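Below: the structure, in C-alpha cells.
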Amino acid sequence: MIYLNVIVAGLLTGAVYGLMALGLSVIFGVIRIVNFAHGEMMVLAMYGAVVLNRWAGLDPLAALPLVTLALFIAGYALQRGFLNRYIARPDHEQFLLLLALATVLTASLLIAFGPDARSVSLSYAYDSYEVGALLLDKVRVLAAGGAVAGAAALWAFFRFSRTGKAIRACADNQTGAQVVGLDVRRLYAVTFGIGAACVGAAGCLLLLLIDVEPYIAADYTLLAFIIVILGGLGSMPGALLGGLLVGVAEALAGFVLEPSLKSAFSFALLILVLLARPQGLLGRR
Amino acid sequence: MTAARQRPLAVVSVLLLLAALALPLFPFVDNYVVSVLVVALFAAYFGQAWNIVTGFAGQLSLGHALYVGLGAYVAGALFFHWGVPPWLGMLAGMASAASAGALIAALSFRFRVGGVYFALLTIAFAEFTRILFDHFPWVGATSGLYLPVSNLAHDDLLRLRGSPLMFYYVLLAMTLGGLALSRHLLGRRIGYYWQAIREDEEAAQALGIDVFRYKVWAMALSAGMTAIGGALLAFYDNVLFPDTAFAIGRSVEIITAPIIGGLGTLAGPLVGAVALTVLGEVTTRLGSGLAIDGLKQWLFGAALLLVVALQPAGLWPWLRSRLGIGNDRR
C-alpha cells in the first residue's frame, strides 16, 4: 500500500514535469531549436512567483496567470528579436548560444536573489486528502490539477485556434507554410512564447512542491530533456507520458534505493530508450 | 594558399613558441601566471581532442567530461591503490576511455542515433557514469580520491610530482603533440573521410566510405586523447571528485574553447583557449573587485553570447581573414 502512495505522489509530481517538458517539446517540434535554457527559464518564473508572493502576498496559484503571461511575452520577444536569426545555424552554435543565455539568466538571478534557497509559505502546505487508503498531499493534487489544465488548454489551442493550426502547419512543412502565406517568423515567436508560458506555469506549480535556488536550473534542463526524449522529442502526449514516467521512476528510486541514485535511474532509462527506440515512446521520425 | 601568404603565420607561430618555451625568463611570471597558463593549456588540449570528433568528423559530443573523468580516475586509482607509475596509469586510462568512446559511438551509430539525439546520449552516458562513481567506494565515492603529495626539492617528471612549471611544460608538449597529430590526420585519407562525413554523410556513404567505422574511430581517438589530459589533471590537482571530474559543466568548458576559436580549424582550440582564459581572468577581477555574487558568471555569459552571436564561425577564421594569413580551411 505504501508503494501505491509513492507511485501516486510520483504521478502527481510527474504531471508538473510533463507540463515543463511540454514547453521544450513544442519549441523543438516547431522551431527545431533545442532550448538549453529551459530549466533556467523555469527558475526565472519561480522567482517571479516568489517576488509576487513577498510583495503582493499572492499565492503561487494566483500568481500563475501573471507569471505565465510575462514568460510568454519574454519568450516571444526573445525569439522575435534574437533567436529567429539563428534558426538555420548548426546544432553546436545554437547550443552554445542558448547555453550562454542560460548562464546569463542564472547569474542574473544569483545577483538579484543570492544563492540561498527561497520558498513561499502556504497555509495549506501540510494538508492532505484521504481517499480510501491513499494519502494525497493537497499541494501535490493542486499542482497536478494545474498541470493537467495547462496541458488541456494547450491541446485545445493547437486543435481549434487558427494560430494553433498555423503553427502545426509550420511544424509539418515550413516551406509549404511560407508558400501559402503564413508569417513563419511570427509563428515561431508565438511558439517560443508558448513554450516559455508552459515553463512559467510549471514553475509556479513546482514552487508549491520545492524551494527555489538559482543552481537547480541546470538539473531541470536535463530533466526536461530526459522526459521529452523518453516520450518523443516533438510529441505532445509523449512529453506528458514521459513526465509521468520520470515522476514515478524518481519517486520509486528515491524510496526503494538511495535518493541520490534516482537520477541515475532516469539517465539509464534515457539511454535504453534512445538505443531501443530513438524516436521516443510516442514519437515518430 | 601561396608560400608568401603562409610566411607571416609561420613567423608568428615560431615567435610565440619561443616565448612559450622561455616562459620563466619573463620578469612578470610567477606561480599565479603559470597556473593560469596551465588552465589555458588544459583547455587548448581538451579542445583539440574534442575538435577531432566534432570539428573534423561532425559528430556533436556534449559528454566529453566522461573521458576526462575516466582518464583521471583510472590513472589516479591505480597510483593510489597499487602505486602504478602515472605514465603507465595514463595509458590504462587512455585505453579505457578509448574503449568507452568506441562503445558509445558504436552503440549510437549502429542504432542510427545522430545529431541532437547523439549529443543528448553522450550527456546521458557522462551523467550516468558520474552518479555511478558517486557510489563507488573503491575510488572514494563522493568524499573524493586524494592522491598522496610528497614534498620534493626538485621536479620528478617520471612520477609526475612537482611544480606548476613542470606541468606547464608537459602540457605545452602535449598541446603541440595534439596540434601535430590533428594536422597530420587532416592531411591523411582518414581526415578527408571525416570531413566528407561532416559535410554530407549520405554522399560520403555513396562514395563508398565506411561511415560507421570512421565515426567510431574519431570518437575513440578523441576520447583516448581526452583521457590523457584527464590523467594529467588528476596528478596536477591531486584530488578527484566525481561531481567535478565528470561534471556536465566540464563538458561545456571543453567545447567552448574550440567553438569560440573556430570549430574544425587547427588553431581554433588554441585561440579559443587563450581568449577564454583572458576573458575568465578579466571577469574574475571585475567580479571580485565589486564583490557581487554571480557578476563574474554574468559577464562571462554575456561575453560568450556576444562572441557566438557576432562571430559564429569563431575568432580564428575572423582573425585570419582580417590579417590575410593562412589558407581558408584551417
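Rule-based calculations on the coordinates, nothing more; no lab input. Model, not experiment: these values are computed from the prediction. With ideal geometry, Cβ positions are generated from the backbone for all residues, glycine too; neighbour counts draw on all protein chains shown.
See the values below:
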item: Overall dimensions of region A:133-285 by Cα: Rg and Dmax, Å; result: 17.5, 58
item: Amide H contacts of A:Leu281 (H built 1.01 Å from N, under 5 Å, at least 5 apart or other chain); result: A:Gly231, A:Gly232
item: Neighbouring partner chain Cβ atoms per residue of B:62-69, average, 10 Å criterion; result: 1
item: Long-range HN-HN contacts of B:Gly262 with modeled amide H, under 5 Å; result: B:Leu315, B:Trp316
item: Helix A:162-172 vs. chain A, principal-axis angle (Cα, 0 to 90°, nearest 10); result: 80
item: Normalised contact order of chain B, rounded percent, pairs of Cα under 8 Å and 6 or more residues apart; result: 32
item: Global geometry of region B:127-200, whether rounded, prolate or oblate, following the gyration tensor of its Cα atoms and the 1.5 cut on a/c; result: oblate
item: Cα-based helix-to-principal-axis angle, A:60-81 vs chain A, degrees rounded to 10; result: 20
item: Mean separation of Cα contacts under 8 Å (6+ apart) over length of chain A, as relative contact order %; result: 39
item: Under 5 Å, built H, 5+ apart or other chain: amide partners of B:Val239; result: B:Leu147
item: In Å, descending, principal axis extents of the Cα set of the protein assembly as shown; result: 74, 60, 51
item: Label-point separation in nm, A:Arg89 to A:Glu258, each point 7 Å along Cα→Cβ; result: 4.0
item: Share of alpha-carbon pairs per 5 Å distance bin for region A:21-161, given as whole %; result: 2, 8, 14, 19, 17, 15, 12, 7, 3, 2, 1, 0
item: Along each principal axis, Cα extent of region A:79-182, largest first, Å; result: 57, 41, 20
item: Rounded Å value of the spacing that divides the Cα centres of region A:177-198 and region B:126-177; result: 50
item: From phi via Karplus (6.51, -1.76, 1.60), per-residue ³J(HN,Hα) for region A:124-141 in Hz, x at Gly/Pro; result: 9, 4, 10, 5, 8, 9, 10, 10, x, 8, 7, 10, 10, 5, 4, 4, 5, 5
item: Between helix A:184-207 and chain A: long-axis angle, C-alpha atoms, 0 to 90°, nearest 10; result: 10
item: Distance between region B:225-268 and region B:272-294 - C-alpha centres, whole angstrom; result: 19
item: Surrounding net charge for B:Ala273, when Lys and Arg each add one and Asp and Glu each subtract one, Cβ distance under 13 Å; result: -2
item: Bins of 5 Å, starting at 0 and running to the largest distance - Cα pair percent for region B:109-244; result: 2, 8, 13, 15, 14, 14, 13, 10, 7, 3, 1, 0, 0
item: Viscosity 1.002 mPa s, 20 °C: Kirkwood-radius Stokes-Einstein D of chain A over Cα pairs, µm²/s; result: 112
item: Efficiency of FRET from Cβ geometry, B:Asp30 and A:Val6, R₀ 56 Å, rounded to 0.05; result: 0.45
item: Average beta-carbon neighbours from other chains, 10 Å sphere, peptide B:298-306; result: 6
item: Per-residue HN-Hα couplings for region B:100-111 [Karplus 6.51, -1.76, 1.60; θ = phi - 60°; Hz; x = Gly/Pro]; result: 4, x, 4, 5, 4, 5, 4, 4, 4, 6, 5, 8
item: Kirkwood Rh and Cα Rg combined as Rg/Rh, region B:23-169; result: 1.03
item: Highest average packing first - B:93-99, B:132-138, B:263-269, Cβ atoms within 10 Å; result: B:263-269, B:93-99, B:132-138
item: Kirkwood Rh, angstrom, region B:164-214 [1 / mean 1/r, Cα pairs]; result: 12.6
item: Candidates A:Ala102, A:Ala62, A:Ala218, ranked by Gaussian network fluctuation over chain A, Cα under 10 Å, top entry; result: A:Ala62
item: Solvent-free Debye scattering, log10 I(q)/I(0), computed from the Cα coordinates of chain B at q = 0.06 Å⁻¹; result: -0.21
item: Derived scalar couplings ³J(HN,Hα) [region B:33-46; Karplus, 6.51 cos²θ - 1.76 cosθ + 1.60; whole Hz; x for Gly, Pro]; result: 4, 4, 5, 5, 5, 4, 4, 4, 5, 4, 4, 5, 5, 4
item: Cβ neighbours within 10 Å from other chains - mean over A:251-261; result: 1
item: Contour excess over end-to-end distance, with Cα ends at B:Ala309 and B:Asp237 and 0.36 nm allotted per residue; result: 22.5 nm
